[in-house]
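Heads up, the thing below is written out as structure tokens.
The values are calculated or read from the model by the stated rules, or taken from the named source; none is laboratory data. Remember, it's a predicted structure, so these values are computed and weren't measured experimentally. We place every Cβ from the backbone using ideal geometry, glycine too, and count neighbours over all the protein chains shown.
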Amino acid sequence: MKAIILAAGKGVRMRPLTEKTQKVLLPINEKPYLEYMIDNLLKIGINEFIFVVGYKKGQIERFVKNKGINATLVEQEKQLGTGHAVGLCMPYVDDEFFLFMGDDHTSINDLKALINKAKEKPDMNIIGGMEHDEPERFGVFKIDDEKFLGIEEKPEIPPSKIINCAVYKFNSSDIFPEIAKLNPSERGELEITDAITALADQGKMTYIILRDWFTLGKPEDISDAEMRLE
């Protein structure tokens, strides 16, 4: 099984920690943050990785070499959005694949649930979400009678309490044609969430609820991550 991991960003909100270190490699309990994710993915049977790199790409190259994993590095020279980043990986995947953000962490149990859902519904694309008390700060699931309808970004009135955790399983034949149709969003980027909403309109998306997921968004998240990943 293959996984694409996005690790090209500059980690601006994590400065000054990211001035010398790629965000996904910041030390958590003296271990690179990304290593926790890779170890979990290996445990569930994902054994081929595609890293989208950019900022401090050499550090990711060294990490991959030291870890000894089967990995391809794809450079995103300009930060043109998550849709653009995934689109760059099209030559390297020809079936289903999983997609994760390098600055997120998903528990082994949630990853197993994702794998089980993928086996249960092989024709569907899957998105992982989690209930949150402040959904208006995130992309929020639109759901009708447990049917996934799309994502609304930072809405004033959230359509649900389930936020997008950017944990995905895609079928190549579904997602890449939609990425090819993307137009830049208001912030000038090609957004993978727009392609996901298009797939939802076609009835090709389903979802799972995650129980133990978190992200490194700001420097103070480091201490929380160290407690969670002891």
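Restricting attention to region 191-207, does a residue exist that is assigned to a helix (DSSP H, G or I), of a type in the set (Asp, Glu), more than 19 Å from the chain's Cα centre (by Cα) and surrounded by fewer than 14 Cβ atoms within 10 Å (Cβ to Cβ)?
Within region 191-207 (the criterion being assigned to a helix (DSSP H, G or I), of a type in the set (Asp, Glu), more than 19 Å from the chain's Cα centre (by Cα) and surrounded by fewer than 14 Cβ atoms within 10 Å (Cβ to Cβ)), the answer is yes, since at least one residue qualifies.
Looking at Pro184, Pro159, Pro155, which one is in contact with a Phe, Trp or Tyr (Cβ under 8 Å, 6 or more places away or on another chain) and either farther than 20 Å from Lys117 by Cβ or assigned to a helix (DSSP H, G or I) (or both)?
Of Pro184, Pro159, Pro155, the one residue that is in contact with a Phe, Trp or Tyr (Cβ under 8 Å, 6 or more places away or on another chain) and either farther than 20 Å from Lys117 by Cβ or assigned to a helix (DSSP H, G or I) (or both) is Pro159.
Scan region 129-142 and tell me whether some residue there is aliphatic (A, V, I, L, M) and over 14 Å from Leu99 (Cα atoms).
Yes: region 129-142 contains one or more residues that are aliphatic (A, V, I, L, M) and over 14 Å from Leu99 (Cα atoms).
Going residue by residue through region 40-50, is there one that turns out to be more than 20 Å from Ile28 (Cα to Cα), within 15 Å of the chain's Cα centre (by Cα) and not β-branched (Val, Ile, Thr)?
Scanning region 40-50 turns up at least one residue that is more than 20 Å from Ile28 (Cα to Cα), within 15 Å of the chain's Cα centre (by Cα) and not β-branched (Val, Ile, Thr).
Checking the structure you have, find out if any residue of region 38-46 is of a type in the set (Lys, Arg) and either within 25 Å of Ile179 (Cβ to Cβ) or touching a Leu at 6+ places or on another chain (Cβ under 9 Å) (or both).
Yes; the residues of region 38-46 include at least one that is of a type in the set (Lys, Arg) and either within 25 Å of Ile179 (Cβ to Cβ) or touching a Leu at 6+ places or on another chain (Cβ under 9 Å) (or both).
Can you say whether Ile179 is within 30 Å of Pro91 (Cα to Cα) and among the aliphatic types (A, V, I, L, M), as far as the supplied structure shows?
yes
Quick one: what pairs do we get from region 215-230, first residue farther than 19 Å from Lys10 by Cβ, second basic (Lys, Arg) and at pLDDT 90 or above, C-beta under 9 Å, 6+ apart or different chains?
As it stands, the answer is Leu229/Lys31, since those pairs meet every condition given.
Among the residues that make up region 155-163, is at least one of them closer than 20 Å to Phe97 by Cβ and modelled with pLDDT of 90 or more?
no
Residues to consider are Ile127, Ile151; find the one that is over 14 Å from the mean Cα position of the chain (by Cα) and not acidic (Asp, Glu).
Checking each option against the conditions leaves just Ile151.
Looking at region 1-24, which of the residues that are of a type in the set (S, T, N, Q) and closer than 22 Å to Leu80 by Cβ is surrounded by the fewest Cβ atoms within 10 Å (Cβ to Cβ)?
Thr18
Starting from region 97-108, take each residue that is of a type in the set (D, E, K, R) and list its partners that are surrounded by fewer than 24 Cβ atoms within 10 Å (Cβ to Cβ) and in a strand (DSSP E or B), counting only C-beta distances under 6 angstrom and pairs at least six apart or across chains.
If the second residue must be surrounded by fewer than 24 Cβ atoms within 10 Å (Cβ to Cβ) and in a strand (DSSP E or B), the pairs left are Asp103/Thr215; Asp104/Thr215.
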